[in-house]
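Engineer: Let me give you the structure first, and then I'll get to my questions.
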Amino acid sequence: MKKTYALLTLLLLLTSCNEPEARRPIYRSDNSEIRGSIDRNKKINAAQQLLFKRVMKKDSSLVFVSTPAGYWKAVQQKAAKAAPPKTGDFVSFNYKIQTIEGEILYDEMELGTVEYLVDKEELLPALRYAVKDLSLGEVGTFLMPSFLCYGYQGDEEKIGINQPLRLTLQLKSIKREENLKESK
């Protein structure tokens, strides 16, 4: 009898010492929210591109060119043919922000001169693209879709939600990366 109890106790101990098996979460592949967001953003972008075309038709003094990133650019004041800034160059520039129709939201005096290490510092995506599209001394006008500007949040002051913008930017100086390394 003692052997039966010992064997039964041993059997109970062996079976009860197992780790409890974790319950796995139920996985549901429901991308409806993501699809809805994608569709909404496509509609916003399409509406903004139509707006750009209307504005460009009205403003025939500038010749706008489409870019692969989805914005339009026009060089107002051309400079001597020089290479635009590239990653690692140190640039300074002035810019102003306007509504697409041309109403000034922030002028150059308010924004000041910006000094920027190209692609190595945080900067509004619209400005990152615009800086690399100009040569030294050039002035460019850019029609930027909201996704490259302040997007669905705006700036909580003058720029609204999903507001496309007109940026006018002048590239003041470029210090090439090679020259920066030599001066250190």
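The values are calculated or read from the model by the stated rules, or taken from the named source; none is laboratory data. Only a predicted model underlies this, so the values are computations on that prediction, with no experimental measurement involved. Cβ: placed from backbone, ideal geometry, glycine included. Neighbour counts: every protein chain shown.
Residue by residue, here is whether (1) under 21 Å from the mean Cα position of the chain (by Cα); (2) within 24 Å of residue 100 (Cβ to Cβ); (3) at pLDDT below 85; (4) not in a helix (DSSP H, G or I) holds:
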{"site": "14", "(1), (2), (3), (4)": "no, no, yes, no"}
{"site": "22", "(1), (2), (3), (4)": "no, no, yes, yes"}
{"site": "27", "(1), (2), (3), (4)": "no, no, yes, yes"}
{"site": "30", "(1), (2), (3), (4)": "no, no, yes, yes"}
{"site": "37", "(1), (2), (3), (4)": "yes, yes, no, no"}
{"site": "44", "(1), (2), (3), (4)": "yes, yes, no, no"}
{"site": "47", "(1), (2), (3), (4)": "yes, yes, no, no"}
{"site": "62", "(1), (2), (3), (4)": "no, yes, no, yes"}
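Engineer: Determine whether residue 129 is in a loop (DSSP other than H, G, I, E, B), under 13 Å from the mean Cα position of the chain (by Cα) and farther than 13 Å from residue 90 by Cα.
Structural biologist: no
Engineer: Here's a follow-up. When you scan segment 98-121, how many residues do you find that are over 23 Å from residue 87 (Cα atoms) and in a strand (DSSP E or B)?
Structural biologist: 5
Engineer: Continuing with this model, one more query. Within segment 120-130, is there a residue that is touching a strand residue (DSSP E or B) at 6+ places or on another chain (Cβ under 7 Å), surrounded by fewer than 18 Cβ atoms within 10 Å (Cβ to Cβ) and at pLDDT 90 or above?
Structural biologist: yes
Engineer: Okay, moving on. Would you mind telling me which numbered condition in (1) without any contact (Cβ under 8 Å) to a residue 40 or more places away in the chain; (2) in contact with a helix residue (DSSP H, G or I) (Cβ under 7 Å, 6 or more places away or on another chain) residue 100 fails?
Structural biologist: Going through the list (1) without any contact (Cβ under 8 Å) to a residue 40 or more places away in the chain; (2) in contact with a helix residue (DSSP H, G or I) (Cβ under 7 Å, 6 or more places away or on another chain), residue 100 breaks only (1).
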